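Everything below concerns the one structure shown next.
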Amino acid sequence: MKPQVFDYARPDSAAEAVALLADSGSDARILAGGQSLMAVLNMRLAQPSLLIDISRVQDLNYVRVQDGNLVIGAAATQASVEWRRSLKDEVPLLTQVFPHISHFQIRNRGTVCGSVAHADPSAELPLALLLLGGQVVLRNRKGRRVLAADDFFQGMLMTARAPDELVEEVRYPLVTAGHGYAFNEFSGRHGDFAVASVGAMVNKDSIRFAVGGVSDRPRVKVLPLLKGADLDTAINDFAWELEARDDHHASAQFRRQLVRRLGRAVIERAMS
Amino acid sequence: MKKYEKNELVRVTVTLNGKERSGICEPRMLLSDFLRDELGATGTHVGCEHGVCGACTVQIDGVAARSCLTLAVQADGRSIDTVEGLNGGSTGLSDLQEAFRRNHALQCGYCTAGILMSCDDYLGRKPDPSEEEVREMLSGHLCRCTGYTNIVKAVLETAQSRREKKMLETTE
């Protein structure tokens, strides 16, 4: 349970970090909060030759409101967003999401961008980003590109990030008047990985419904404003589209049932 | 920029419980091992070494975090607080530790050092937590003696007595 040897670099700026990435490519890993990566290294599931520690890079440590988004830099911890007094007026969905993310002690050090970059299919922050239609900013030595969350997440721990790119920033759209938001999940114990997680954003025209932990990545579906049995049918159709699989945490059938039950409940909560 | 080769021996200096301490390690050494094996601060316990059990929780610049998910080199120049730094009252125990003793909130004690460091940070930020919030915070710690009920009691009692102490001062 000790990591394999690696070189360690602690750049002072984002520019230095992407220059290091450009030189070392896929052999290097970015270390921000380390709350997923360090566990993976301790178990020797990954053996990078270089760790690039961006946890002290000041020009990546920011959380601010800008152009209709809550913009979060790569070195900003989850706690720095969670304990923000104005969060419930900015991105109320996130105030519902944070208590489900692992534990207080992990959120103190884990970063928002790190969770998005890690792209665990059952992770809450990627689901929330997808549900709200947020964006991911990728930066390499030559410049930046901005991707929609739906284009960024590609599969189990797989994203559109190229080996020389840093997830520099994520953008969560701010609350919109007339929209309702809700999130819930089921896990074996509080703070464990979600067996299934569901989020809904509802306005007067449509329902945006997202599911995590069932497919190989978070998935979102836009439904018309249905009610009663029609809504149940639409949710059930989506639950089957997710191609759930049996694993040692839960059966595919149980996961679909969670999508149906928890999904219906969060959509109703988002409507109210 | 700081750069270390994989087998390079690095001097790491931290402020451990208010005192400057330094030791030598490779970049891959975990903070938990550095505290125990290099600095001899064995109050911090090591359990699962992948962030699940919470036994190794310390405070890094005042914030509760897993020392097994942090490299010693990352802690260089930082302030590290461990259970050894908590004592303060006339009995040598902090009010939180006294409450743990009164409520029998520890049995074998292996998980306790980490729990105390979490609670100390948490109560500083959240002086009036509900029982549910305390349980959520404690979900980051495994106690295999399963004495959670008394731990929750001790934390809530500490929060309440700190609030009462503050109120008393205003009426004096």
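At a 10 angstrom cut-off on C-beta neighbours, averaged per residue, how do the peptides A:260-267, B:128-135 rank from highest to lowest?
On the way: A:260-267: 20.5, B:128-135: 14.1.
Going by the mean number of other Cβ atoms within 10 Å, highest first, we get A:260-267, B:128-135.
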>> Report the Cα centroid-to-centroid distance between segment A:96-155 and segment A:1-29 in angstrom, as an integer.
In response: 20 Å
>> Can you give me the Rg/Rh ratio for segment B:10-85, using Cα atoms for both radii and the Kirkwood formula for Rh?
In response: 0.91
>> Using only alpha-carbon positions, what ratio does the radius of gyration of segment A:185-236 give when scaled by 2.2 N^0.38 Å?
In response: 1.28
> What order do you get for A:217-229, B:34-46 when each peptide is scored by the mean count of other beta carbon atoms within 10 Å, highest first?
Replying inline: B:34-46, A:217-229
>> Checking the cross-link filter: which aspartates and glutamates have an alpha carbon closer than 20 Å to that of A:LYS2, excluding same-chain neighbours under 8 positions apart?
In response: A:ASP27, A:ASP53, B:GLU5, B:GLU8, B:GLU26, B:ASP33, B:ASP37, B:GLU38, B:GLU49, B:ASP76
> Using the alpha-carbon centroid of each, what span in Å lies between segment B:1-75 and segment B:76-137?
Replying inline: 20 Å
> When the convex hull of the Cα atoms of the protein assembly as shown is projected onto a plane and the area is averaged over all directions, what value comes out in nm²?
Replying inline: 23.0 nm²
>> Below 13 angstrom from the Cβ of A:GLY110, what's the summed charge of the other residues (Lys, Arg +1; Asp, Glu -1)?
In response: 0
>> Need one value for A:5-15: mean number of C-beta atoms belonging to other chains within 10 Å of its residues' C-beta atoms.
In response: 5
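Quick one: dipole size for the protein assembly as shown, taken about the Cα centre, charges +1 on Lys/Arg Cβ and -1 on Asp/Glu Cβ, in debye to the nearest 20.
I would put it at about 300 debye.
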>> Per DSSP helix of 4 or more residues, -39500 (n - 2.57); summed, then divided by the residues of the protein assembly as shown. What does that give at 222 nm, rounded to the nearest 500?
In response: -9500 deg cm²/dmol
> Roughly how crowded by other chains is peptide B:49-59, in terms of the mean Cβ count from those chains within 10 Å of each of its Cβ atoms?
Replying inline: 4
>> Tell me the Kirkwood radius of chain B: reciprocal of the mean inverse pair distance over distinct alpha-carbon atoms, in Å.
In response: 16.9 Å
> Which whole number gives the average count of other chain Cβ atoms within 10 Å of the Cβ atoms across peptide B:135-141?
Replying inline: 5
> Any idea what log10 I(q)/I(0) is at q = 0.19, 0.21, 0.27, 0.28 Å⁻¹ for segment B:95-171, Debye with uniform C-alpha scatterers and no solvent?
Replying inline: -0.73, -0.88, -1.41, -1.50
> For segment A:127-180, what does the alpha-carbon gyration tensor say about shape, rounded, prolate or oblate, given a ≥ b ≥ c as the root eigenvalues, a/c under 1.5 as rounded, and a/b over b/c as prolate?
Replying inline: oblate
> Per the Cauchy relation, a quarter of the hull surface: what is the mean projected area of the convex hull of the alpha carbons in segment A:208-259, in nm²?
Replying inline: 3.4 nm²
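Any read-out appearing in this document is the output of simple, stated calculations on the displayed coordinates, not a laboratory observation. Predicted model, so just to flag it, every value in this text is computed and none were measured. Backbone-built Cβ (ideal geometry, glycine too); neighbour counts: all protein chains shown.
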